[in-house]
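K.L.:
Please read through the structure below; I'll follow up with questions.
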Amino acid sequence: PSIPRYTNRLINEKSPYLLQHAHNPVDWYPWGQEAFDKAKEENKLIFLSVGYSTCHWCHVMEEESFKNKEIGEIMNKHYVCVKVDREERPDVDKVYMTFVQATSGRGGWPMSVWLTPDLKPFVGGTYFPPEDGIHRVGFRTVLLRIAEQWKENKDALLENSQKILEALQHRSEIRVRGQESPPPSREVMATCFQQLSNSYDEDYGGFSGSPKFPTPVNLNFLFTYWALHRTTPEGARALQMALHTLRMMAHGGIHDHIGQGFHRYSTDQHWHVPHFEKMLYDQGQLAAAYSRAFQISGEEFFADVARDILLYVSRDLSDQAGGFYSAEDADSYPTATSGEKREGAFCVWAAEEIRALLPDPVEGTAEGTTLGDVFMYHYGVKETGNVNPLKDPHQELKGKNVLTVRCSLELTAARFGLEPGRLGGLLREGRRRLSAARAQRPRPHLDTKMLAAWNGLMISGFAQAGAALAEQEYVRRAAQAAAFLRRHLFSPTSGRLLRSCYRGKDNSVEQSAVPIQGFLEDYVFVIQALFDLYEASLEQDWLEWALQLQHMQDKLFWDPKGFAYFSSEAGDPSLLLRLKDDQDGAEPNANSVTVTNLLRAACYSGHMEWVEKAGQILAAFSERLQKIPIILPEMARATAVFHHTLKQVVICGDPQGEDTKEMLRCVHSVFSPNKVLMLADGDSSGFIYRQLPFLASLKRKDGKATAYLCSNFSCSLPVTSPQELRGMLCA
């Protein structure tokens, strides 16, 4: 490889995204004191560019502008240029994204923001084309105009930036007003259900036209709504909406039928043509959602999709030390000799490629029918490509096909006069051959940084699937990843989580010179993962660590005046605002998940102040929950858990006993959103007995594994048969 002409300070960073920009002609700095000092000393504006390594438009802006020598010279002359990986520093991203959304009405990445030397934003946007066009001002022009403004009107700019900051502070505040109490759960749930129902796509599932996102938070809300309204028409509709959406997604092109796992989102209403990047947080949440769908419906189809996701993550996103990588990119080289990357190149197919790979005649079908014919019919492959040109603005997918299941096995079988069972085998063989052919293509870039929060979501996916599908291997994988977090992303001396670590040379796990401390979402998603892992494995160590982390989260992030948790710690002078996220998005809002975490923590520890905190969070978000709960479906769901009080399902028994295992299988097979599971194994010196003295009074009946259903630490009569237990859990 040729020696790069330019190298900037990003070469010393660990983030794959920052390293992608280390050889730009732009004199990039990472976010930090060195850049801030330079801006002040030289009285220069800061140009802040925020993105992430699998962001398509970030790549485009780099190719067009940041690799352009002349634009690089303008940037270096007039600005101190700072690059941030939003996945490493969500706190910095949120502050400036709040500004961009407030001033332009839209947001996204790459985010481009101009700051005064004291870090206050005054102009911002997202992607800029390099040169002026009919509808948009080019990046070069914007750079020169802003530099001119700074020279001519510096005082006005500074004054304006101060006003903007004050307005942002006021606008983004989430706090309790007066003596507010938690909003009424029944109304919040009913409004959220109605708002989701109104935005639901009856034909293809999902909750928007296009683009269409997986939004597992909506599906989890609907499952909980169904569980609390099983016998009503609304309850039945909630379940139908969730299951239909999951089914349509699994059939669509957003699901990678050859390489497993799910792409980020669909550009169309039909789940057909996706943006092809694959994110860890989607895989974790969707594995859990498909496992719940199986738990509720008993349909093997949903269990198969959960297994498919976990196969992809185990094979392609797993570090040998046990952690999970962040993402795979959408763009890759079509062939080993290609000069430029294309979106989706790794995943799409020309009809003639499939014909060449699957030429075998199929016995028992009409003369001349090949495996290729059957495969192409089932997966909607067309000779000229099956991608609508409107969904392919850069013509990267012209003549190509995104595989999508066009009809049921039964219909395809009938079309070719085959038995459905035999057709399943033929399609499996077709997928196997395409997979082998695809393995010869250049792979997309893999973002090998490992984030505590996203690892937490993935551990929950493995743990919940392991419990619901009765697959111990998944529970073991979850435990391996939790042990990885404890080893590499936790400091036992300070008791604090770290945000990120990285795959280094020779596959070792590396840390940056100044490790990034964990944010609220790291604590919340890891604590949730540890509770899920305890329920799946019943290893008390995970429970003990979860409760320690909950105490630390309270200490670092709780807002004692306005209630709820801040996203970042106090005390970082470079952060202009301490924010609280106000909606559930691709990942759930940390305050939403923490409500349920706090209620679980109280059940496992007897610390009732955690229940009080959960209520205070709901009170702080009360207005949003009553008016627009559709933006907070996970928190709306938590209002029901808060209102109905968690049931403690206590199994007294020998962990190795067959009767105990049978009772546990029964608990794991039932979807019950307001239960916590614990095993009382009789060892009174164990952690859980020390936390919950009432467990000592619960005994096995007639020497058999015995279940008790407890609420607020008072318990039902004992039951020893799984059938009786199932009846109690479904009541």
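K.L.:
Among all residue pairs at least 6 apart or on different chains, which show Cβ distances below 8 Å where the first residue, located in region 65-93, is assigned by the TED database to the domain that holds Trp109 and open to solvent by 30 Å² or more (accessible area, probe 1.4 Å) and the second is in a loop (DSSP other than H, G, I, E, B) and among the acidic types (Asp, Glu)?
P.N.:
Asn76/Asp27
K.L.:
Additional query: Is region 496-519 home to any residue that is within 23 Å of Pro182 (Cβ to Cβ) and not assigned by the TED database to the domain that holds Gln656? Spell out how you get there, then give the answer.
P.N.:
At the first step, the residues of region 496-519 found to be within 23 Å of Pro182 (Cβ to Cβ) are none.
Within region 496-519 (the criterion being within 23 Å of Pro182 (Cβ to Cβ) and not assigned by the TED database to the domain that holds Gln656), the answer is no, since none of the residues qualifies.
K.L.:
Also, I was wondering about something else. Restricting region 406-417 to residues that are open to solvent by less than 30 Å² (accessible area, probe 1.4 Å) and at pLDDT 95 or above, which is nearest to the chain's Cα centre (by Cα)?
P.N.:
Thr412
K.L.:
Pull out all pairs, ordered by first then second residue, where Cβ-Cβ is under 6 Å, the residues are six or more apart or on different chains, the first lies in region 106-133 and is small (Gly, Ala, Ser), and the second is part of a loop (DSSP other than H, G, I, E, B).
P.N.:
Correct list of pairs: Gly108/Thr126.
K.L.:
Name the pairs: first residue in region 206-224 and of a type in the set (D, E, K, R) and in a strand (DSSP E or B), second residue open to solvent by less than 10 Å² (accessible area, probe 1.4 Å) and modelled with pLDDT of 95 or more, Cβ to Cβ under 6 Å, at least 6 apart or on different chains?
P.N.:
From region 206-224, the pairs are Lys212/Gly206; Lys212/Ser266.
K.L.:
Of everything in region 485-504, what is within 19 Å of the chain's Cα centre (by Cα) and surrounded by fewer than 21 Cβ atoms within 10 Å (Cβ to Cβ)? Give them in sequence order.
P.N.:
Of everything in region 485-504, just one residue is within 19 Å of the chain's Cα centre (by Cα) and surrounded by fewer than 21 Cβ atoms within 10 Å (Cβ to Cβ), namely Leu498.
K.L.:
One residue is enough: does region 581-599 have a residue meeting the conditions part of a loop (DSSP other than H, G, I, E, B), farther than 24 Å from Ser172 by Cα and either open to solvent by less than 20 Å² (accessible area, probe 1.4 Å) or of a type in the set (A, V, I, L, M) (or both)?
P.N.:
Checking region 581-599: not a single residue is part of a loop (DSSP other than H, G, I, E, B), farther than 24 Å from Ser172 by Cα and either open to solvent by less than 20 Å² (accessible area, probe 1.4 Å) or of a type in the set (A, V, I, L, M) (or both).
K.L.:
Still on this structure, I have one more. Select from region 505-534 the residues that are among the hydrophobic types (A, V, I, L, M, F, W, C) and open to solvent by 10 Å² or more (accessible area, probe 1.4 Å) and write down the one among them that is nearest to Leu310 (Cα to Cα). So that I can check it myself, show each step before the final result.
P.N.:
Restricting attention to region 505-534, the residues satisfying the condition of being among the hydrophobic types (A, V, I, L, M, F, W, C) are 509, 513-514, 516, 519-520, 524-527, 529-531, 533.
Next cut, open to solvent by 10 Å² or more (accessible area, probe 1.4 Å) only: 509, 513-514, 516, 519.
Values: Val509: 22, Ala513: 33, Val514: 33, Ile516: 28, Phe519: 26 Å.
By that ranking, first place goes to Val509.
K.L.:
I'd like the full set of residues that are open to solvent by 10 Å² or more (accessible area, probe 1.4 Å), touching a residue at least 60 places away in the same chain (Cβ under 8 Å) and over 16 Å from Ala35 (Cα atoms), limited to region 7-19.
P.N.:
Lys14, Pro16 - these are the residues of region 7-19 that are open to solvent by 10 Å² or more (accessible area, probe 1.4 Å), touching a residue at least 60 places away in the same chain (Cβ under 8 Å) and over 16 Å from Ala35 (Cα atoms).
K.L.:
Could you tell me whether any residue of region 671-683 is small (Gly, Ala, Ser) and either farther than 26 Å from Ala289 by Cβ or touching a Phe, Trp or Tyr at 6+ places or on another chain (Cβ under 6 Å) (or both)?
P.N.:
Yes, the conditions are met somewhere in region 671-683.
K.L.:
Looking at region 268-276, can you tell me whether even one residue there is in contact with a Ser or Thr (Cβ under 6 Å, 6 or more places away or on another chain) and closer than 27 Å to Arg726 by Cβ? Spell out how you get there, then give the answer.
P.N.:
To start, the set of residues in region 268-276 that are in contact with a Ser or Thr (Cβ under 6 Å, 6 or more places away or on another chain) comprises 268-269, 272-274.
Going one step further and asking which of them are closer than 27 Å to Arg726 by Cβ, we end up with none.
Checked against the condition, which is being in contact with a Ser or Thr (Cβ under 6 Å, 6 or more places away or on another chain) and closer than 27 Å to Arg726 by Cβ, region 268-276 yields no hits at all.
K.L.:
Out of the residues in region 144-165 that are open to solvent by 60 Å² or more (accessible area, probe 1.4 Å) and in contact with a helix residue (DSSP H, G or I) (Cβ under 7 Å, 6 or more places away or on another chain), state the one that is farthest from Phe122 (Cα to Cα).
P.N.:
Residue satisfying both the conditions and the ranking: Leu144.
K.L.:
Still on this structure: Just name the residue that is nearest to the chain's Cα centre (by Cα) out of those in region 646-686 that are assigned to a helix (DSSP H, G or I) and surrounded by fewer than 16 Cβ atoms within 10 Å (Cβ to Cβ). Steps first, please.
P.N.:
Step one: of region 646-686, the residues assigned to a helix (DSSP H, G or I) are 658-669.
Now narrow it down to the ones that are surrounded by fewer than 16 Cβ atoms within 10 Å (Cβ to Cβ): 658, 662, 665.
Values: Glu658: 37, Glu662: 33, Arg665: 28 Å.
The qualifying residue nearest to the chain's Cα centre (by Cα) is Arg665.
The values are calculated or read from the model by the stated rules, or taken from the named source; none is laboratory data. The structure presented is a predicted model; accordingly, all values stated were derived computationally and were not measured. When we count neighbours, we look across all protein chains shown, and the Cβ atoms used for this are built from the backbone with ideal geometry, even at glycine. All accessible areas refer to the heavy atoms of the entire protein, side chains included, with ligands and DNA or RNA removed. Shrake-Rupley method; radii C 1.70, N 1.55, O 1.52, S 1.80 Å.
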